[in-house]
Structure formats: C-alpha cells, structure tokens
Amino acid sequence: MSDTETGPGGVPSLSRPSRDPGSDPASQDKVLQVERLDYVDLAPVGRERVQPMRGFDPIYTDIVDYIVRCTHRIWDERDVGLIYSHYTHNCVVYGAVGTVYTREDLVRDTVQRLVELPDRRGMATQVIWRGNEDEGFYTSHLVTGAGRHTEPGLFGPPTNRGFHHRTVADCMVFENRIFREWVVRDSMAIALQLGCDKDELATVMARGYVEQGFTPHEIAENQRLLGQYPPEETADLSLAHTETEAWTLGWMHEVYNRRMFGKIREVYAPNVQWHGPPMKELYGRHAVLMQTMRLVNTFPDCVLIPQHICSVPCVEGGEKVAVRWILDGHHRNLGLTLGAPTGHRVWVLGMTHFHVVDGKIKDEWAVWDELALLTQIKIGEMTK
C-alpha cells in the first residue's frame, strides 16, 4: 500500500487519506469533471469517446457526460420518452418515503413533477463515480435546482415565488440503462421558500401513503448497541475501495455511532463550508459540530449505516467522496424542522459529498429530506 501507514491487519490508517485513482485509472483523468465547466462543455459536440462504454449511445463520451446530458435531455429538454431507452423496464427507484418499481411509473412521476414545477432547472454541481463497462457504473450526481412556483400541485396553488434546492441521485448503470437509483431531494427547502404550512403538507402526503396501504415498520432496537455492550470500537470498512474512503467511513462511525463529536475538529478544515438542508450554508468547524449534534439529538438512539461509497480525484485539488447512508432511530427530541418529539421511528435516506484536501474536509454537501421525515412521523400518527 505504498508508503501509507497501515493499522492492525493491514487496514489503512485513518489519519492519512491519500489519492487512489479508483477502478479505472487509465481513463479516469480524461473523464469530464463538472466543477469548472459550463454546460456546453459538459455536453460537448464532436468530442471523441474517452472511456470504454460498451452499449452506450454514441452521443455519450464518458460516464459523466452520460449522467449530466441524459438528465438535461429528460428534465430540461422535456424528452421524457428517453426514459424508455435509459432505464430498464423493471428499474427500482428508492425515495425518502416511497419506492418506484417500474419504468412506466417513473415516466408518470417525471411528467407530474415537470407539470408542477415547469420553471425548474437542475444544474449539475458535481458527479462522483466508480466502475467500468464490464461491471457497470455507479454515479452520485449532485444537482442544484432553481425555479419558480407557477402551477398547482403538491405545494398548493401557485405562489409565483422562486426557490432553490439540492438533489442527489445515485444511479447504477449498465450499457446505457439505469437499473437502480436512489433519489433524495431537499423538499423542505422548497416548502419553506414557498411559504407552505409544512405540517399541513406532510399530513396530505402521509394520508396519500396511508390510503395506499403504507404502514411504518416499528422496531424497539436498531442494534447500534448489542444489549449492554458499548458501540463497536471500529468501523466496518468493507465498502471502501481506497484509503480515503476507509478514512471517511472510519471517522463517520466515530462521530455518528460512537458519539465522539470531538473528532469533527480533527477531520474538518477550520474554514470548512457546510451545505445542507433546508438549503443552509454554515461556516467553520463549530457550526458543523452543532449541526451534527442537532441531527443526532433529534434521533438520540440513531445508528448510521453507510450503504455505498465512491471517490474521484478532483481538479480543484484533493478528492471528492460520495457516501450514501441510512440513519435509523426514533423522534425523541426537538431538532431540525420536525416539531415536538413524537417517539415515532423514522429512517433518514441521506447522501453526502465531501471535498477532502490534505487530509481535511473543506466542503461538505449533505442532502436529506426533512419533509419526508415529517411525513413519516405523520404516517406513524395516523396508523398507531
């Protein structure tokens, strides 16, 4: 493992993240990166393919071009029918409350959202990826959305107010088709900016799920602790492909599962910027510390379970790391935008992108859906 320190059993040291080009080093440096490019450069005309992509449409020159361009074609150019050639018939799309199981349902939901928010534009912030043409690709696509509320729909009668929000879509792609996707939107940011009554909105959404037969799965223990034992001393690093990814999983376990919040001072840069729901912009390590403790305090028995991690070298220096995670716990304290504690179990589907430079996090983009959490709480109230 070159000159990088290792811990017991050859596990990478969690003190020195280092660059690793990932699974496809021969072509990774040629793949587009979103940060410094305008859209016309992200969807180039006449560019030769720079990455092996068997089965992909000729228009796509690499995996970042694919995910940015096809998203633009479907959502901005309104070519919704491209879903038929870019998703499998039995694709599964996981959301913060419900799950879509067929391509036709995905087409229907996309049309509905385009009609409700016709002025919205989704601008790629970054794409973090891993994979190759033989095994398939995994992409984590962070989008900043901007628009105006001009049509009736989920958020009520049109208000003509503007809004901004963030979305992360994680996709598994093979030969031009997405077969599995996880989508998290900061819907609470939209609701608050439009002046909606969040409790009324969540109640309407919850009623729709209950009428469809949706019921919450209540459990007493999430096994963050095994009986009277303390939390596990070390993180499960089996998801990691690189030393930086192992470092990331390690400190997240320390902070969220072992409640060692002081670790934040070690892993974040003093001038860190935190971008999170509902469209908050926080600055400095202490702000990150308080935001993290606020999240855990809302669900004091919570356990954080990483589900996927990938990373890429960054033209801005260092690496970008994407983590998909679940936070499972009970709403037992005040915090976030959820109101008085109810005791109901919730699970948070979250996505986080980190920019790591010289062993410190200088930027974090976190997305979870607080409106979906409030909806889960309302479902619990309706079905208890």
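Data table
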quantity	calculated
Subset of segment 110-122 that is exposed (fewer than 14 other Cβ atoms within 10 Å of the Cβ) and of a type in the set (A, V, I, L, M, F, W, C) - its residue that is nearest to Asn160 (Cα to Cα)	Val115
Segment 242-262 - residue that is assigned to a helix (DSSP H, G or I) and over 24 Å from Pro313 (Cα atoms) and, of those, nearest to the chain's Cα centre (by Cα)	Tyr256
Segment 53-73 - residue that is more than 20 Å from the chain's Cα centre (by Cα) and surrounded by fewer than 20 Cβ atoms within 10 Å (Cβ to Cβ) and, of those, nearest to Tyr209 (Cα to Cα)	Arg73
Residue match in segment 33-40 (condition: touching a helix residue (DSSP H, G or I) at 6+ places or on another chain (Cβ under 6 Å) and not assigned by TED's automatic domain parsing to the domain that holds Gly317)	no
Subset of segment 225-278 (residues that are closer than 13 Å to Ile305 by Cα and small (Gly, Ala, Ser))	Ala235, Ser238, Gly250
Some residue of segment 151-162 being out of contact with any His (no Cβ under 8 Å at 6 or more places or on another chain) and within 25 Å of Ile128 (Cα to Cα)	no
Pick from segment 123-147, criterion among the polar types (S, T, N, Q) and buried (at least 19 other Cβ atoms within 10 Å of the Cβ), ranking: nearest to Arg177 (Cα to Cα)	Thr139
Out of Gln228, Gln212, Gln223, sole residue that is of a type outside the set (Val, Ile, Thr), within 25 Å of the chain's Cα centre (by Cα) and surrounded by fewer than 15 Cβ atoms within 10 Å (Cβ to Cβ)	Gln223
Candidates Val80, Val50, Val107, Val93 - the one that is under 19 Å from the mean Cα position of the chain (by Cα), hydrophobic (A, V, I, L, M, F, W, C) and surrounded by 13 or more Cβ atoms within 10 Å (Cβ to Cβ)	Val93
Verdict on Glu233 being more than 30 Å from Gly156 (Cβ to Cβ), in contact with a Lys or Arg (Cβ under 6 Å, 6 or more places away or on another chain) and assigned to a loop (DSSP other than H, G, I, E, B)	no
Unique residue being touching a Phe, Trp or Tyr at 6+ places or on another chain (Cβ under 8 Å), of a type outside the set (S, T, N, Q) and touching a residue at least 24 places away in the same chain (Cβ under 8 Å) when the list is Arg185, Arg177	Arg177
Selection from segment 150-196 of residues that are β-branched (Val, Ile, Thr) and in a strand (DSSP E or B)	Thr167, Val168, Val173, Ile178, Val183, Val184
Tyr268 vs. criteria in contact with an Asp or Glu (Cβ under 9 Å, 6 or more places away or on another chain), aromatic (Phe, Trp, Tyr) and under 22 Å from Val356 (Cα atoms)	yes
Residue match in segment 96-113 (condition: of a type in the set (Phe, Trp, Tyr), over 18 Å from Leu154 (Cβ atoms) and touching a residue at least 12 places away in the same chain (Cβ under 8 Å))	no
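The values are calculated or read from the model by the stated rules, or taken from the named source; none is laboratory data. Predicted, not measured: the structure shown is a model, and the values here were computed from it. As a convention, Cβ positions derive from the backbone with ideal geometry for all residues, glycine included, and neighbour counts pool all protein chains shown.
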